[in-house]
Amino acid sequence: MSEFAVAHLEEIREISDGRCPWRPVRHHFGITSFGINAWTGRDAGDRIINEHDEEGENEELYFIQRGRARFELEGERVDAPAGTFVFVRPSVKRTAFADEPGTTILAVGATPGQVYEPEGWELWAPFGRLYQEGRYAEAADQARDVAEAHPEYPALLYNLACCESLAGRKADAIEHLRLAIERSSSVREYLVGDSDLDPLREEPAFQALLAS
């Protein structure tokens, strides 16, 4: 196994959840110690970073690699030409737009005091839109091969299980929950209150997962 890897930005395949497309840099290199992705606005005015704040205590650092970006941070506008760093704390509502064609932003994130655990959200994102639209069986069908090819990502397995639960595929859902818990015991805490799993609650195998 090589001790280093090299890739040009354009060599990393762009993916999308139906909103702002990005390049999954962390997944491409197999990085396990921090999250990093690249977002590009093709045209001036394009939204590059979806409006959001961060759950928990995750901090984010943005670097404008090329072009010129306009950030909106809790309603305050920040001009960010190429070479600018923008650090944003978790509770701050943020979004960013391209002020020049081809503007590219690198986003790096991690939670203070916690070991970084890759969740595989990059791989789940293309199927997330189907979930949001209530097309659970489609989401499960499309995500299954990806999730089973990457069992190292517990969140990917968990999200697949949620779709299977809502689609009435109880046995499949419970098996993928079991695999997710084997990968990360922290997954078990989500089982108690997640309404996506309500169809499973009377199943003895699901109750065994809660009790284990």
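The values are calculated or read from the model by the stated rules, or taken from the named source; none is laboratory data. Please read these numbers as outputs of a predicted model, since none were measured by experiment. Ideal geometry is used to build each Cβ from the backbone, glycine not excepted, and the neighbour counts take in all protein chains shown. For accessibility, only protein heavy atoms count, side chains too; no ligands or nucleic acids. Shrake-Rupley method; radii C 1.70, N 1.55, O 1.52, S 1.80 Å.
Helix 170-183 and the long axis of the chain differ in direction by around 60°, with both axes built from C-alpha atoms. Overall, the accessible surface of region 9-128 at a probe of 1.4 angstrom is composed of carbon and sulfur to the extent of 49 percent. Calculate how steeply helix 136-149 sits against the longest principal axis of the alpha-carbon atoms of the chain, using the helix alpha-carbon long axis, and give the answer as 0 to 90 degrees to the nearest 10. It works out to around 80 degrees.
I need to check one value: relative contact order of the chain, counting alpha carbon pairs closer than 8 Å and at least 6 residues apart, in percent.
After rounding, I find 16 percent.
Within the assembled protein chains, the solvent-accessible surface assigned to Val146 is about 40 Å², based on a 1.4 Å probe. Relative to the longest principal axis of the Cα atoms of the chain, the long axis of helix 121-132 makes an angle of roughly 70 degrees. Remark on the chain: hydrodynamic radius 18.6 angstrom, per the Kirkwood mean of 1/r across alpha carbon pairs.
Restricting region 84-181 to chymotrypsin sites (Phe, Trp or Tyr not before Pro) that sit in a DSSP loop and have at most 16 other Cβ atoms within 10 Å of their own Cβ leaves Tyr116. Using the Cβ of Ser33 as centre and a radius below 13 Å, the other residues enclosed give a net charge of 0, where K and R count +1 and D and E count -1. In percent, rounded to a whole number, the relative contact order of region 1-98 is 25, using alpha-carbon pairs under 8 Å and six or more apart.
Sites listed here are GluC sites (Glu not before Pro) in region 1-95 whose DSSP assignment is loop and whose Cβ has at most 13 other Cβ atoms within 10 Å: Glu3, Glu14, Glu55, Glu57, Glu74.
Accessible surface computed residue by residue for the chain, with neighbouring protein chains in place and a 1.4 Å probe, gives 54 Å² per residue.
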